[in-house]
Amino acid sequence: MRSLLVLEDGMAFEGRTVGAAGTAIGEVVFSTSMTGYQEMLSDPSYAGQLLTLTYPLIGNYGVTDADLESRGVQVSGFIIKQMSDVPSNWRSTEDLPSFLARHGVVGIQGIDTRALTRRLRDQGVMMGVVTSELDAAGALARLRESPDYAALDFVRRVTTPEPYVWEPTAEGPGGRTLEVALVDCGVKFNILRALAEFGVRTTVFPCTTSAAEILERKPDGVAFSPGPGDPKHLAGIVDTARELIHTGLPTFGICLGNQIVGKAFGAGTFKLPFGHRGGNHPVKDLETGKVYITSQNHGYAVDPAGLERSGLEITHVNLNDGTVEGLRHRELPVFTIQYHPEANPGPRDSHYLFGSFVAAMEQR
(Lines give C-alpha, C1' and ligand atoms only; values in the text may rest on other atoms or scores of the structure.)
Protein backbone atom coordinates (compact mmCIF):
# COMPACT_ATOMS: atom_id res chain seq x y z
CA MET A 1 0.00 0.00 0.00
CA ARG A 2 1.32 3.47 -0.91
CA SER A 3 2.22 5.75 2.01
CA LEU A 4 3.54 9.27 2.42
CA LEU A 5 5.80 11.04 4.86
CA VAL A 6 5.13 14.79 4.82
CA LEU A 7 7.25 17.24 6.83
CA GLU A 8 6.02 20.54 8.21
CA ASP A 9 8.19 22.42 5.68
CA GLY A 10 6.19 20.77 2.88
CA MET A 11 8.77 18.20 1.80
CA ALA A 12 7.18 14.82 0.98
CA PHE A 13 8.59 11.30 0.65
CA GLU A 14 6.69 8.46 -1.00
CA GLY A 15 7.04 4.88 0.17
CA ARG A 16 5.09 1.78 1.15
CA THR A 17 3.03 1.01 4.22
CA VAL A 18 4.61 -1.13 6.92
CA GLY A 19 2.75 -2.11 10.07
CA ALA A 20 -0.73 -0.66 10.40
CA ALA A 21 -2.50 1.47 7.82
CA GLY A 22 -3.65 4.93 8.92
CA THR A 23 -2.18 8.31 9.85
CA ALA A 24 0.39 9.17 12.53
CA ILE A 25 1.61 12.62 13.53
CA GLY A 26 4.69 13.45 15.57
CA GLU A 27 8.10 15.06 15.77
CA VAL A 28 10.39 13.43 13.20
CA VAL A 29 13.69 12.29 14.77
CA PHE A 30 16.46 9.90 13.78
CA SER A 31 18.61 7.34 15.58
CA THR A 32 21.98 6.11 14.35
CA SER A 33 21.89 2.81 16.27
CA MET A 34 22.49 -0.20 14.03
CA THR A 35 20.57 -2.66 16.24
CA GLY A 36 17.89 -2.53 18.92
CA TYR A 37 14.85 -1.52 16.88
CA GLN A 38 12.47 -3.25 19.28
CA GLU A 39 14.03 -1.56 22.29
CA MET A 40 13.75 1.81 20.55
CA LEU A 41 10.13 1.21 19.54
CA SER A 42 9.23 0.49 23.17
CA ASP A 43 11.36 3.26 24.72
CA PRO A 44 8.97 5.78 26.38
CA SER A 45 11.35 8.62 25.52
CA TYR A 46 10.17 8.28 21.90
CA ALA A 47 6.54 9.00 22.79
CA GLY A 48 5.07 11.57 20.43
CA GLN A 49 7.78 11.05 17.82
CA LEU A 50 8.11 9.52 14.36
CA LEU A 51 11.27 7.44 14.70
CA THR A 52 13.60 7.23 11.70
CA LEU A 53 16.34 4.59 11.68
CA THR A 54 19.42 5.41 9.62
CA TYR A 55 20.55 1.79 9.32
CA PRO A 56 19.00 0.59 6.02
CA LEU A 57 17.82 -2.97 6.83
CA ILE A 58 15.44 -3.39 9.78
CA GLY A 59 13.65 -6.46 11.15
CA ASN A 60 16.29 -9.02 10.21
CA TYR A 61 16.37 -10.67 13.65
CA GLY A 62 12.66 -10.45 14.47
CA VAL A 63 11.22 -9.56 17.87
CA THR A 64 10.67 -11.15 21.26
CA ASP A 65 8.75 -9.88 24.28
CA ALA A 66 11.88 -10.28 26.41
CA ASP A 67 13.37 -7.25 24.65
CA LEU A 68 10.54 -4.82 25.40
CA GLU A 69 11.63 -1.74 27.36
CA SER A 70 8.14 -0.78 28.56
CA ARG A 71 4.56 -2.03 28.59
CA GLY A 72 4.18 -1.59 24.82
CA VAL A 73 5.20 0.36 21.73
CA GLN A 74 5.72 4.06 22.46
CA VAL A 75 6.59 5.72 19.14
CA SER A 76 3.92 7.59 17.20
CA GLY A 77 5.17 6.19 13.89
CA PHE A 78 8.07 4.36 12.25
CA ILE A 79 10.21 5.32 9.24
CA ILE A 80 12.71 2.93 7.63
CA LYS A 81 14.48 2.20 4.35
CA GLN A 82 13.82 -1.55 4.02
CA MET A 83 11.94 -4.11 6.08
CA SER A 84 13.17 -7.69 6.34
CA ASP A 85 10.17 -10.02 6.11
CA VAL A 86 12.10 -13.17 7.06
CA PRO A 87 13.81 -12.85 10.47
CA SER A 88 16.72 -15.08 11.37
CA ASN A 89 17.44 -15.42 15.08
CA TRP A 90 16.84 -18.25 17.53
CA ARG A 91 15.21 -15.87 20.04
CA SER A 92 12.68 -14.48 17.58
CA THR A 93 9.02 -15.23 18.28
CA GLU A 94 7.47 -12.89 15.70
CA ASP A 95 8.44 -10.91 12.61
CA LEU A 96 8.62 -7.13 12.90
CA PRO A 97 5.83 -6.30 10.37
CA SER A 98 3.37 -8.44 12.35
CA PHE A 99 4.54 -6.90 15.61
CA LEU A 100 3.97 -3.38 14.27
CA ALA A 101 0.54 -4.25 12.91
CA ARG A 102 -0.47 -5.93 16.18
CA HIS A 103 0.46 -2.80 18.13
CA GLY A 104 -1.23 -0.46 15.64
CA VAL A 105 2.00 1.28 14.65
CA VAL A 106 1.72 3.29 11.42
CA GLY A 107 4.95 3.03 9.47
CA ILE A 108 6.53 3.66 6.09
CA GLN A 109 9.37 1.91 4.27
CA GLY A 110 11.12 2.47 0.96
CA ILE A 111 12.12 6.11 1.46
CA ASP A 112 15.65 7.52 1.44
CA THR A 113 16.19 7.71 5.20
CA ARG A 114 19.68 9.15 4.78
CA ALA A 115 18.33 12.07 2.75
CA LEU A 116 15.69 12.58 5.45
CA THR A 117 18.37 12.49 8.15
CA ARG A 118 20.48 15.07 6.33
CA ARG A 119 17.47 17.37 6.09
CA LEU A 120 16.81 17.04 9.82
CA ARG A 121 20.48 17.71 10.58
CA ASP A 122 20.41 20.82 8.38
CA GLN A 123 16.99 22.18 9.31
CA GLY A 124 16.49 20.71 12.79
CA VAL A 125 13.81 18.27 13.91
CA MET A 126 10.32 19.14 12.72
CA MET A 127 6.81 17.81 12.90
CA GLY A 128 5.64 15.32 10.28
CA VAL A 129 2.87 12.98 9.16
CA VAL A 130 3.06 9.35 8.04
CA THR A 131 -0.13 8.40 6.22
CA SER A 132 -1.63 5.77 3.96
CA GLU A 133 -4.95 7.67 3.85
CA LEU A 134 -4.19 11.28 2.85
CA ASP A 135 -2.52 13.00 -0.07
CA ALA A 136 0.32 15.46 0.55
CA ALA A 137 -1.95 18.51 0.77
CA GLY A 138 -4.34 16.77 3.15
CA ALA A 139 -1.48 15.53 5.32
CA LEU A 140 0.02 19.01 5.56
CA ALA A 141 -3.37 20.49 6.46
CA ARG A 142 -3.84 17.84 9.20
CA LEU A 143 -0.37 18.61 10.53
CA ARG A 144 -1.05 22.35 10.76
CA GLU A 145 -4.13 21.61 12.87
CA SER A 146 -2.12 19.51 15.33
CA PRO A 147 -0.26 20.75 18.44
CA ASP A 148 3.51 21.01 18.32
CA TYR A 149 5.53 18.33 20.12
CA ALA A 150 6.92 20.84 22.62
CA ALA A 151 3.42 21.94 23.64
CA LEU A 152 2.44 18.57 25.13
CA ASP A 153 3.27 16.84 28.43
CA PHE A 154 4.17 13.30 27.34
CA VAL A 155 5.50 12.25 30.75
CA ARG A 156 1.98 11.98 32.16
CA ARG A 157 1.07 9.77 29.20
CA VAL A 158 3.85 7.23 29.73
CA THR A 159 4.23 7.10 33.53
CA THR A 160 2.95 4.07 35.43
CA PRO A 161 -0.65 4.48 36.67
CA GLU A 162 0.16 2.69 39.94
CA PRO A 163 3.32 1.97 41.95
CA TYR A 164 4.97 -1.41 41.36
CA VAL A 165 8.04 -3.24 42.67
CA TRP A 166 10.95 -4.68 40.68
CA GLU A 167 12.69 -7.35 42.77
CA PRO A 168 16.48 -7.85 42.95
CA THR A 169 18.10 -10.70 41.01
CA ALA A 170 21.29 -10.80 43.11
CA GLU A 171 22.28 -10.40 46.74
CA GLY A 172 22.82 -6.83 47.84
CA PRO A 173 26.01 -5.48 49.41
CA GLY A 174 26.68 -7.13 52.75
CA GLY A 175 23.68 -9.39 52.19
CA ARG A 176 21.28 -6.45 52.56
CA THR A 177 18.69 -5.48 49.97
CA LEU A 178 18.82 -1.76 49.24
CA GLU A 179 15.54 0.04 48.54
CA VAL A 180 15.31 2.60 45.74
CA ALA A 181 12.34 4.83 44.99
CA LEU A 182 12.23 5.63 41.26
CA VAL A 183 10.04 8.44 39.92
CA ASP A 184 8.76 7.16 36.58
CA CYS A 185 8.92 9.82 33.88
CA GLY A 186 9.25 7.13 31.22
CA VAL A 187 11.53 4.47 32.68
CA LYS A 188 13.14 1.78 30.55
CA PHE A 189 12.94 -1.68 32.07
CA ASN A 190 16.68 -2.18 31.64
CA ILE A 191 17.30 0.48 34.31
CA LEU A 192 15.32 -1.69 36.71
CA ARG A 193 17.14 -4.82 35.51
CA ALA A 194 20.51 -3.12 36.06
CA LEU A 195 19.62 -2.05 39.60
CA ALA A 196 18.32 -5.55 40.32
CA GLU A 197 21.73 -6.98 39.35
CA PHE A 198 23.25 -4.90 42.16
CA GLY A 199 20.83 -6.34 44.73
CA VAL A 200 18.44 -3.38 44.66
CA ARG A 201 14.67 -3.59 45.09
CA THR A 202 13.12 -0.72 43.14
CA THR A 203 9.68 0.71 43.80
CA VAL A 204 8.50 2.57 40.70
CA PHE A 205 6.20 5.52 41.44
CA PRO A 206 3.94 7.52 39.12
CA CYS A 207 5.40 10.91 38.22
CA THR A 208 2.65 12.63 40.23
CA THR A 209 3.67 11.00 43.54
CA SER A 210 4.52 13.48 46.29
CA ALA A 211 7.80 13.53 48.18
CA ALA A 212 5.92 12.67 51.40
CA GLU A 213 4.44 9.51 49.82
CA ILE A 214 7.87 8.43 48.59
CA LEU A 215 9.51 9.03 51.96
CA GLU A 216 6.88 6.86 53.64
CA ARG A 217 8.61 3.86 52.01
CA LYS A 218 11.90 4.81 53.73
CA PRO A 219 14.07 4.35 50.62
CA ASP A 220 17.86 4.20 50.72
CA GLY A 221 18.04 6.29 47.56
CA VAL A 222 15.96 8.07 44.93
CA ALA A 223 16.20 7.93 41.13
CA PHE A 224 14.60 10.05 38.43
CA SER A 225 14.11 8.22 35.16
CA PRO A 226 14.44 9.20 31.51
CA GLY A 227 11.35 10.27 29.63
CA PRO A 228 9.91 12.22 26.70
CA GLY A 229 9.14 15.84 25.98
CA ASP A 230 10.09 19.30 27.12
CA PRO A 231 11.03 19.53 30.84
CA LYS A 232 9.28 22.91 31.05
CA HIS A 233 6.03 20.98 31.71
CA LEU A 234 7.43 19.22 34.79
CA ALA A 235 7.34 21.90 37.51
CA GLY A 236 5.60 19.54 39.95
CA ILE A 237 8.22 16.81 39.49
CA VAL A 238 11.00 19.39 39.86
CA ASP A 239 9.47 20.50 43.19
CA THR A 240 9.34 16.86 44.33
CA ALA A 241 12.98 16.37 43.33
CA ARG A 242 14.03 19.47 45.26
CA GLU A 243 12.27 18.26 48.39
CA LEU A 244 13.73 14.75 48.18
CA ILE A 245 17.26 15.94 47.42
CA HIS A 246 17.39 18.13 50.53
CA THR A 247 16.59 15.16 52.78
CA GLY A 248 20.14 14.00 52.07
CA LEU A 249 19.06 10.82 50.25
CA PRO A 250 21.48 9.70 47.52
CA THR A 251 19.90 10.82 44.25
CA PHE A 252 20.58 9.56 40.72
CA GLY A 253 19.09 11.20 37.61
CA ILE A 254 19.22 9.70 34.12
CA CYS A 255 18.54 11.67 30.91
CA LEU A 256 15.33 13.60 31.64
CA GLY A 257 16.19 12.92 35.29
CA ASN A 258 19.39 14.90 34.74
CA GLN A 259 17.35 17.86 33.49
CA ILE A 260 14.86 17.58 36.37
CA VAL A 261 17.62 17.65 38.98
CA GLY A 262 19.34 20.52 37.17
CA LYS A 263 16.09 22.52 37.22
CA ALA A 264 15.62 21.69 40.91
CA PHE A 265 18.83 23.64 41.54
CA GLY A 266 17.79 26.54 39.32
CA ALA A 267 19.35 25.59 35.98
CA GLY A 268 17.54 26.10 32.69
CA THR A 269 17.17 23.75 29.73
CA PHE A 270 17.13 24.26 25.97
CA LYS A 271 16.15 22.29 22.88
CA LEU A 272 18.91 20.76 20.76
CA PRO A 273 18.73 21.27 16.97
CA PHE A 274 18.25 17.57 16.18
CA GLY A 275 18.95 15.82 19.47
CA HIS A 276 21.29 12.99 20.41
CA ARG A 277 19.92 9.57 19.51
CA GLY A 278 22.04 6.49 18.91
CA GLY A 279 24.65 4.21 20.42
CA ASN A 280 27.91 5.92 19.43
CA HIS A 281 28.05 9.29 21.22
CA PRO A 282 31.44 10.14 22.81
CA VAL A 283 31.29 11.60 26.34
CA LYS A 284 34.27 12.79 28.36
CA ASP A 285 34.54 12.36 32.13
CA LEU A 286 36.13 15.64 33.20
CA GLU A 287 37.53 14.17 36.44
CA THR A 288 39.37 11.17 34.93
CA GLY A 289 39.80 12.33 31.34
CA LYS A 290 38.31 9.05 30.11
CA VAL A 291 36.06 9.04 27.07
CA TYR A 292 33.05 6.72 27.01
CA ILE A 293 31.00 5.67 24.01
CA THR A 294 27.40 6.10 25.14
CA SER A 295 23.82 5.33 24.23
CA GLN A 296 21.71 8.48 24.03
CA ASN A 297 18.12 9.55 23.35
CA HIS A 298 17.26 13.14 24.20
CA GLY A 299 16.23 16.36 22.50
CA TYR A 300 16.87 18.78 25.38
CA ALA A 301 19.95 19.66 27.44
CA VAL A 302 20.84 21.47 30.67
CA ASP A 303 21.98 25.07 30.18
CA PRO A 304 25.37 25.42 31.93
CA ALA A 305 24.80 29.17 32.32
CA GLY A 306 22.35 28.48 35.16
CA LEU A 307 24.76 26.43 37.28
CA GLU A 308 27.09 29.11 38.72
CA ARG A 309 25.54 29.31 42.21
CA SER A 310 23.67 26.01 42.21
CA GLY A 311 26.20 23.87 44.06
CA LEU A 312 26.31 21.59 41.02
CA GLU A 313 29.42 21.02 38.94
CA ILE A 314 29.66 19.60 35.43
CA THR A 315 31.25 16.14 35.43
CA HIS A 316 30.74 15.00 31.81
CA VAL A 317 30.51 16.74 28.44
CA ASN A 318 29.55 15.62 24.95
CA LEU A 319 32.58 15.69 22.66
CA ASN A 320 30.47 16.35 19.57
CA ASP A 321 28.87 19.61 20.69
CA GLY A 322 30.14 20.35 24.22
CA THR A 323 26.73 20.02 25.89
CA VAL A 324 26.34 18.97 29.53
CA GLU A 325 26.28 15.19 29.98
CA GLY A 326 26.68 14.88 33.75
CA LEU A 327 26.31 16.81 37.00
CA ARG A 328 27.36 16.30 40.61
CA HIS A 329 26.61 18.31 43.74
CA ARG A 330 29.63 19.49 45.70
CA GLU A 331 28.14 18.65 49.11
CA LEU A 332 25.02 16.51 48.71
CA PRO A 333 25.07 12.86 47.47
CA VAL A 334 23.54 13.82 44.12
CA PHE A 335 24.81 12.91 40.66
CA THR A 336 23.17 12.76 37.26
CA ILE A 337 23.96 11.84 33.66
CA GLN A 338 22.33 12.82 30.38
CA TYR A 339 23.05 9.55 28.58
CA HIS A 340 21.85 5.97 29.18
CA PRO A 341 24.04 3.65 31.29
CA GLU A 342 21.45 0.87 30.91
CA ALA A 343 21.97 1.07 27.12
CA ASN A 344 19.63 -1.37 25.31
CA PRO A 345 20.49 -0.68 22.59
CA GLY A 346 24.02 0.54 22.93
CA PRO A 347 27.36 -0.11 24.62
CA ARG A 348 27.64 -1.05 28.30
CA ASP A 349 30.64 1.22 28.95
CA SER A 350 28.72 3.20 31.58
CA HIS A 351 27.03 0.34 33.44
CA TYR A 352 29.40 1.03 36.36
CA LEU A 353 27.34 4.11 37.26
CA PHE A 354 24.68 1.90 38.83
CA GLY A 355 27.44 0.59 41.09
CA SER A 356 28.36 4.18 41.98
CA PHE A 357 24.74 4.83 43.01
CA VAL A 358 24.73 1.67 45.14
CA ALA A 359 28.02 2.72 46.77
CA ALA A 360 26.54 6.11 47.65
CA MET A 361 23.59 4.39 49.34
CA GLU A 362 25.92 2.03 51.22
CA GLN A 363 28.04 4.92 52.44
CA ARG A 364 25.00 6.73 53.80
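Values as computed for the structure displayed
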read-out: Hits in segment 98-124 (condition: charged (D, E, K, R) and farther than 30 Å from residue 164 by Cβ); value: 112, 114, 118, 119, 121, 122
read-out: All positions within segment 158-176 that are in contact with a Pro (Cβ under 8 Å, 6 or more places away or on another chain) and surrounded by 15 or more Cβ atoms within 10 Å (Cβ to Cβ); value: 158, 159, 160, 163
read-out: Tally, over segment 98-143, of residues that are closer than 15 Å to residue 83 by Cβ and open to solvent by less than 20 Å² (accessible area, probe 1.4 Å); value: 9
read-out: Conditions (1) modelled with pLDDT under 95; (2) more than 23 Å from the chain's Cα centre (by Cα): number failed by residue 289; value: (1)
read-out: Every residue from segment 250-278 that is farther than 19 Å from residue 236 by Cβ and surrounded by fewer than 23 Cβ atoms within 10 Å (Cβ to Cβ); value: 270, 271, 272, 273, 274, 275, 278
read-out: Residue match in segment 83-97 (condition: under 30 Å from residue 161 (Cα atoms), buried (at least 23 other Cβ atoms within 10 Å of the Cβ) and within 23 Å of the chain's Cα centre (by Cα)); value: yes
read-out: Matching residues, segment 181-201, being open to solvent by 10 Å² or more (accessible area, probe 1.4 Å) and in contact with a helix residue (DSSP H, G or I) (Cβ under 6 Å, 6 or more places away or on another chain); value: 198
read-out: Residue in segment 227-239 that is at pLDDT 95 or above, within 18 Å of residue 352 (Cα to Cα) and in contact with a strand residue (DSSP E or B) (Cβ under 6 Å, 6 or more places away or on another chain) present; value: no
read-out: Search result, residues across segment 45-82 that are closer than 27 Å to residue 125 by Cα, among the aliphatic types (A, V, I, L, M) and open to solvent by 10 Å² or more (accessible area, probe 1.4 Å); value: 57, 68, 73, 75
read-out: Selection count where residues are out of contact with any Gly (no Cβ under 7 Å at 6 or more places or on another chain) and of a type in the set (A, V, I, L, M), scope segment 224-262; value: 8
read-out: Whichever residue in segment 1-25 is within 9 Å of residue 131 (Cβ to Cβ) and of a type in the set (Ser, Thr, Tyr) and, among such residues, is surrounded by the fewest Cβ atoms within 10 Å (Cβ to Cβ); value: 23
read-out: Of all residues making up segment 26-39, the number that are open to solvent by 10 Å² or more (accessible area, probe 1.4 Å), outside any strand (DSSP E or B) and not polar (S, T, N, Q); value: 2
read-out: Residue within segment 257-266 that is touching a residue at least 40 places away in the same chain (Cβ under 8 Å), of a type in the set (A, V, I, L, M, F, W, C) and assigned to a strand (DSSP E or B) present; value: no
read-out: Any hit, segment 242-249, residues being over 22 Å from residue 172 (Cα atoms), in a strand (DSSP E or B) and more than 14 Å from the chain's Cα centre (by Cα); value: no
read-out: In segment 217-249, residue surrounded by the fewest Cβ atoms within 10 Å (Cβ to Cβ) [restricted to those that are among the small types (Gly, Ala, Ser), more than 16 Å from residue 312 (Cα to Cα) and free of Cβ contacts under 8 Å to residues at least 60 places away in the same chain]; value: 235
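Here's the yes/no breakdown for (1) under 23 Å from residue 154 (Cα atoms); (2) charged (D, E, K, R); (3) at pLDDT 95 or above:
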{"position": "260", "(1), (2), (3)": "yes, no, yes"}
{"position": "264", "(1), (2), (3)": "yes, no, yes"}
{"position": "272", "(1), (2), (3)": "yes, no, yes"}
{"position": "285", "(1), (2), (3)": "no, yes, yes"}
{"position": "303", "(1), (2), (3)": "yes, yes, yes"}
{"position": "311", "(1), (2), (3)": "no, no, no"}
{"position": "339", "(1), (2), (3)": "yes, no, yes"}
{"position": "358", "(1), (2), (3)": "no, no, yes"}
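The values are calculated or read from the model by the stated rules, or taken from the named source; none is laboratory data. Fair warning: this is a prediction, and the values are worked out from it, not measured in the lab. Ideal geometry is used to build each Cβ from the backbone, glycine not excepted, and the neighbour counts take in all protein chains shown. What goes into the accessible areas is simple: the full protein's heavy atoms, side chains included, and nothing from ligands, DNA or RNA. Shrake-Rupley method; radii C 1.70, N 1.55, O 1.52, S 1.80 Å.
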